[in-house]
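Down below is the structure, laid out as structure tokens.
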Amino acid sequence: MEKGLVVTQLDVEPGECIKVKGKIQSDAKGFAVNVGKDSNTLMLHFNPRFDCHGDVNTIVCNSKEDGVWGEEDRKADFPLQHGDKIEICISFDETEATVKLPEAEFKFPNRLGMEKIEYLAVEGDFKVKAIKFS
Ligand SMILES: CCCO[C@@H]1O[C@H](CO)[C@@H](O[C@@H]2O[C@H](CO)[C@H](O)[C@H](OCc3cn(Cc4ccccc4)nn3)[C@H]2O)[C@H](O)[C@H]1NC(C)=O
């Protein structure tokens, strides 16, 4: 399977923002935005599922430590639609990560106590248009 976008060697600190602008494919089954240290150590796996892994219209968040997934956190809201052009803004502090979407905001605990984000990956049915760090 083709990999999506991967950015390494980042140094994103608490309070700073990672902005990923793009389009959800019109036939999207799901996509994921991963941030953390590397692919095996994730502060946040933000995974909107339109219809995959047995979930329909569900946002699943999780962490990954040394390659092992943590406990999933399923969000109540699903403010996304096929074909949406959106900007996803991810920031964090010592206690939690925040994901801001155009019409919703989600929190996820900083379970690993990460003090910087060095890795960003976007996978699945999301076409990245731009990335901005602010
Ligand atoms: C009930 C017993 C089985 O539980 C199921 O176990 C599955 C395997 O662990 C869980 O699915 C995994 O959940 C992880 C988060 O907790 C990740 O989402 C795993 O996917 C990683 C991944 C990303 N990608 C790239 C990608 C991402 C998005 C769309 C297309 C490709 N390929 N594999 C995904 O395979 C799935 O969320 C879980 N379902 C439940 C309800 O717990």
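The values are calculated or read from the model by the stated rules, or taken from the named source; none is laboratory data. This is a predicted model, so every value here is computed, not measured. When we count neighbours, we look across all protein chains shown, and the Cβ atoms used for this are built from the backbone with ideal geometry, even at glycine. For the accessible areas, the whole protein counts, side chains as well, though only heavy atoms, and no ligand, DNA or RNA atoms are used. Shrake-Rupley method; radii C 1.70, N 1.55, O 1.52, S 1.80 Å.
For the reader, a short list of remarks on this structure follows.
- Selection over segment 42-70 of residues that are polar (S, T, N, Q), surrounded by fewer than 19 Cβ atoms within 10 Å (Cβ to Cβ) and farther than 20 Å from ALA104 by Cα gives a count of 0.
- Answer residue from segment 94-107, given it is open to solvent by 40 Å² or more (accessible area, probe 1.4 Å) and within 27 Å of LYS29 (Cβ to Cβ) and is nearest to the ligand (Cβ to nearest atom) among those: LYS107
- From the list SER39, SER91, SER26, the lone residue that is hydroxyl-bearing (Ser, Thr, Tyr), within 14 Å of the ligand (Cβ to nearest atom) and either modelled with pLDDT of 95 or more or open to solvent by less than 60 Å² (accessible area, probe 1.4 Å) (or both) is SER39.
- Failed item, numbered, when SER134 is tested on (1) open to solvent by 20 Å² or more (accessible area, probe 1.4 Å); (2) within 15 Å of GLY4 (Cα to Cα): (2)
- Tabulated pairs, segment 43-63, first within 14 Å of VAL33 (Cα to Cα), second outside any strand (DSSP E or B) and near the ligand (Cβ under 8 Å from one of its atoms), C-beta under 7 angstrom, 6+ apart or interchain: VAL60/GLU72; ASN62/GLY70; ASN62/GLU72; SER63/GLY70
- Within the span defined as segment 108-119, every residue fails to be loosely packed, with under 15 Cβ neighbours inside 10 Å, away from the ligand (no atom under 16 Å from the Cβ) and hydrophobic (A, V, I, L, M, F, W, C).
- Residues of segment 1-35 satisfying the condition of being small (Gly, Ala, Ser) and farther than 23 Å from VAL56 by Cα: GLY15
- Whichever residue in segment 8-20 is away from the ligand (no atom under 16 Å from the Cβ) and in a strand (DSSP E or B) and, among such residues, is most open to solvent (accessible area, probe 1.4 Å): LYS19
- Any hit, segment 61-78, residues being β-branched (Val, Ile, Thr) and touching a strand residue (DSSP E or B) at 6+ places or on another chain (Cβ under 9 Å): no
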